[in-house]
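In what follows, a single structure is set out as structure tokens and then discussed.
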Amino acid sequence: MSANAEPQTAASVLLVRPASFGANPLTAASNSFQAQGIAALEARERAQAASEFSLLGAALADSGVEVCLADDTPDPVKPDAVFPNNWVSFHADGTVVLYPMLASNRRTERRMDILEALAQRHRFRIARTVDLSAHERDGVFLEGTGSLVLDRVHRNAFACLSPRTHVEALGDFAQQLDYEIVAFGASDAAGAPIYHTNVVMCVGTRFAVICAEAIDDAARRAAVLRILEDTGHEIVTISRAQMGAFAGNLLELRSSTGRPLIVMSQAASDSLEAHQAQRLAVHGQIIRVAIPTIERYGGGSVRCMIAEVHLPKRA
């Protein structure tokens, strides 16, 4: 294990309450999980998305997770602000990483005032900031822990290459944070590249959920599975259909008392076979939240809504 290893799970998370949630036309082309051809949401649908967000925050808090809430700003309009894990990640040595985003209207989600609130209000210690956003000038992107599924203990960063996940930025991340990159290509049933790694797979402390059949190259598929096995993970495989229901978009957290929690959407939970759900339940208490509006129009699920905060607390 590397000297830079950190716990896999966090007991604190950042959530961003949306002000202008909607279907983002600038992300639709690369995200087949997102409802296509939607011009704007009705007020009823925006209200439903706000209610779903509140349900997730309450479920996490009730389970003993520290929930750090930030409010999206209405101007400029940021339809995907509810997915903060794409623009920022937090690490146990006090590092904050800012990421290059494909859609221009997502780049305004990077907000220094949110980082200041984490430091001042929630007493997290930020030792350094690694800003990778300059890659945007070269058309190179890496969208946080959407693009990266991190095995923080063993320093492996799994990455599905796509229009939002580029090799150049992966190399920069790996060098600055001491990770080994495990890159692969993956596609949906229609053959389209999958936009983010965190819909293909989830890595927990002692388990991994993965849609292995989505990985295009057989040799790379075998290599990914071997790495997961060699690092002591029980592998739960899911189908492409289950991946489409966000069954790979899970996140392991822990409560303030150290109890392991596995957070997923109701749609993801409903798609699991009984034996899959039983195997996951061995590794933590399952927290299910129904977020159908956010999933449909945002093209992301519960894991996408959570930026886990691994930063140390100030004394």
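Odds and ends about this structure:
- A search for C-beta distances below 8 Å between a residue of segment 41-67 that is among the basic types (Lys, Arg) and any residue that is surrounded by 13 or more Cβ atoms within 10 Å (Cβ to Cβ), counting only pairs 6+ apart in sequence or on different chains, returns Arg46/Phe21; Arg46/Gly22.
- Qualifying residue in segment 103-122 (condition: part of a loop (DSSP other than H, G, I, E, B), basic (Lys, Arg) and over 19 Å from the mean Cα position of the chain (by Cα)): yes
- Residue match in segment 217-226 (condition: surrounded by fewer than 17 Cβ atoms within 10 Å (Cβ to Cβ) and not in a helix (DSSP H, G or I)): yes
- Between Phe53, Phe33, Phe83, Phe21, the distinction of being closer than 18 Å to Ile294 by Cβ, modelled with pLDDT under 80 and buried (at least 18 other Cβ atoms within 10 Å of the Cβ) belongs to Phe33 only.
- Among the candidates Ala47, Ala70, Ala61, the residue that is at pLDDT 95 or above, of a type outside the set (S, T, N, Q) and either part of a loop (DSSP other than H, G, I, E, B) or more than 30 Å from Arg206 (Cα to Cα) (or both) is uniquely Ala70.
- Within segment 233-246, restricting attention to residues that are touching a strand residue (DSSP E or B) at 6+ places or on another chain (Cβ under 7 Å) and on the phi < 0 side of the Ramachandran plot, the residue that is surrounded by the most Cβ atoms within 10 Å (Cβ to Cβ) is Ile238.
- Subset of segment 279-297 (residues that are under 11 Å from Phe246 (Cβ atoms) and not charged (D, E, K, R)): Ile291, Pro292, Ile294
- Among residues of segment 186-216 being among the polar types (S, T, N, Q) and not in a helix (DSSP H, G or I), the one that is modelled with the lowest pLDDT is Ser187.
- Count of segment 207-216 residues which are surrounded by fewer than 22 Cβ atoms within 10 Å (Cβ to Cβ) and either in contact (Cβ under 8 Å) with a residue 60 or more places away in the chain or among the hydrophobic types (A, V, I, L, M, F, W, C) (or both): 1
- Unmet requirement for Ala281, which otherwise passes all of (1) touching a strand residue (DSSP E or B) at 6+ places or on another chain (Cβ under 9 Å); (2) touching a residue at least 24 places away in the same chain (Cβ under 8 Å): (2)
- Counted residues, segment 295-315 - those being at pLDDT below 95 and under 18 Å from Phe53 (Cα atoms): 5
- Pairing each residue of segment 220-232 that is within 16 Å of Cys202 (Cβ to Cβ) with any residue that is assigned to a loop (DSSP other than H, G, I, E, B), provided the two are 6+ apart or on different chains, yields C-beta distances under 8 Å for Thr231/Val153; Thr231/His154; Gly232/Arg206.
- Meets criteria (more than 17 Å from the chain's Cα centre (by Cα), assigned to a loop (DSSP other than H, G, I, E, B), farther than 16 Å from Ala59 by Cα and free of Cβ contacts under 8 Å to residues at least 60 places away in the same chain) for Ala315: yes
- Residue in segment 278-292 that is nearest to the chain's Cα centre (by Cα), counting only those that are surrounded by 16 or more Cβ atoms within 10 Å (Cβ to Cβ) and in a helix (DSSP H, G or I): Leu280
- Among the residues of segment 123-170, the one identified as in contact with an Asp or Glu (Cβ under 6 Å, 6 or more places away or on another chain) and either among the polar types (S, T, N, Q) or assigned to a strand (DSSP E or B) (or both) is Asn156.
- Filter result for Ala39 (closer than 28 Å to Ala189 by Cα, modelled with pLDDT under 95, among the small types (Gly, Ala, Ser) and surrounded by 19 or more Cβ atoms within 10 Å (Cβ to Cβ)): no
- Check on Val140, over 18 Å from the mean Cα position of the chain (by Cα) and surrounded by fewer than 17 Cβ atoms within 10 Å (Cβ to Cβ): no
- Conditions (1) within 25 Å of Phe124 (Cβ to Cβ); (2) free of Cβ contacts under 8 Å to residues at least 40 places away in the same chain; (3) not in a loop (DSSP other than H, G, I, E, B): number failed by Asp270: (1)
The values are calculated or read from the model by the stated rules, or taken from the named source; none is laboratory data. Only a predicted model underlies this, so the values are computations on that prediction, with no experimental measurement involved. Don't worry about glycine lacking a Cβ; one is built from the backbone with ideal geometry, like all the others, and counts go over all protein chains shown.
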